[in-house]
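Undergrad: Quick one: the structure is below, questions incoming.
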């Protein structure tokens, strides 16, 4: 499929991967989802080296979703490393976690994450969060809309600042989050 988005998920939990896969299939049914379990595998994937050297099979991702609690080397370190690489400066990074700790959120944004999503056990709730995030970024002209039409969308979050995802001002010059109510 032309312009097919590629999502790289850096996640060590099979259960969380399956939940993420169910949610993304609802919102981005044409996206190619690739899973790597840890920091070293993510580096290989991003650079197209080791087992990921075939870019036809493992295309460069449109965005990276990073679990905050990766084994051995935490997700924060991966976010920081990606932002330190000039060739990955514009890569969209979304951090997945169960934490709502303000210190974690602030540090992740300072390190260069574009968004922060709280994990949930519900594929439908997770899909709504992905849809709301996608709608926000598309409406601000930051990404191309690859989402599928939703037959029963449910209500979007009325206040994006109260949603289960958060925003910062990334490298895009005119990016501003919606005003708070």
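The values are calculated or read from the model by the stated rules, or taken from the named source; none is laboratory data. For clarity, every value in this text was computed on a predicted model and none was experimentally measured. Because the Cβ atoms are built from the backbone with ideal geometry, glycine has one as well, and the counts that use them run over all protein chains shown.
Undergrad: Scan the stretch 83-91 and tell me whether some residue there is touching a strand residue (DSSP E or B) at 6+ places or on another chain (Cβ under 7 Å), surrounded by 13 or more Cβ atoms within 10 Å (Cβ to Cβ) and touching a residue at least 60 places away in the same chain (Cβ under 8 Å). Lay out the reasoning, then the answer.
TA: If we filter the stretch 83-91 for residues that are touching a strand residue (DSSP E or B) at 6+ places or on another chain (Cβ under 7 Å), which is where we start, we get 91.
From the residues that got through so far, the ones that are surrounded by 13 or more Cβ atoms within 10 Å (Cβ to Cβ) too are 91.
Remaining after also requiring touching a residue at least 60 places away in the same chain (Cβ under 8 Å): none.
No.
Undergrad: On to the next question. Considering every residue within the stretch 124-145, establish whether at least one is under 15 Å from residue 7 (Cα atoms), modelled with pLDDT under 80 and exposed (fewer than 14 other Cβ atoms within 10 Å of the Cβ). Explain how you work it out, then say what you get.
TA: If we filter the stretch 124-145 for residues that are under 15 Å from residue 7 (Cα atoms), which is where we start, we get 127, 130-131, 133-134, 143-145.
Still in the running and modelled with pLDDT under 80: 143-145.
With exposed (fewer than 14 other Cβ atoms within 10 Å of the Cβ) added as a condition, the list becomes 144-145.
Within the stretch 124-145 (the criterion being under 15 Å from residue 7 (Cα atoms), modelled with pLDDT under 80 and exposed (fewer than 14 other Cβ atoms within 10 Å of the Cβ)), the answer is yes, since at least one residue qualifies.
Undergrad: Also, I was wondering about something else. Determine whether the stretch 94-112 contains at least one residue that is modelled with pLDDT under 80, over 23 Å from residue 19 (Cβ atoms), outside any helix (DSSP H, G or I) and over 13 Å from the mean Cα position of the chain (by Cα).
TA: no
Undergrad: A further question on this structure: Would you pick out the residues in the stretch 54-82 that are out of contact with any strand residue (DSSP E or B) (no Cβ under 8 Å at 6 or more places or on another chain), closer than 13 Å to residue 111 by Cβ and touching a residue at least 40 places away in the same chain (Cβ under 8 Å)?
TA: Within the stretch 54-82, 81 is the sole residue that qualifies.
Undergrad: Being in contact with a helix residue (DSSP H, G or I) (Cβ under 7 Å, 6 or more places away or on another chain) and either assigned to a loop (DSSP other than H, G, I, E, B) or at pLDDT below 80 (or both) is the requirement here; does residue 151 meet it?
TA: Numbers: in contact with a helix residue (DSSP H, G or I) (Cβ under 7 Å, 6 or more places away or on another chain): no; either assigned to a loop (DSSP other than H, G, I, E, B) or at pLDDT below 80 (or both): yes.
So residue 151 does not fit the description; no.
Undergrad: Against the definition (buried (at least 16 other Cβ atoms within 10 Å of the Cβ), in a helix (DSSP H, G or I) and at pLDDT below 90), how does residue 46 come out, yes or no?
TA: Working: buried (at least 16 other Cβ atoms within 10 Å of the Cβ): yes; in a helix (DSSP H, G or I): yes; at pLDDT below 90: no.
No.
Undergrad: Another question about this same structure. Could you check the stretch 19-39 and list, in sequence order, the residues that are out of contact with any helix residue (DSSP H, G or I) (no Cβ under 9 Å at 6 or more places or on another chain) and over 23 Å from residue 113 (Cα atoms)?
TA: Answer for the stretch 19-39, where residues must be out of contact with any helix residue (DSSP H, G or I) (no Cβ under 9 Å at 6 or more places or on another chain) and over 23 Å from residue 113 (Cα atoms): 29, 30.
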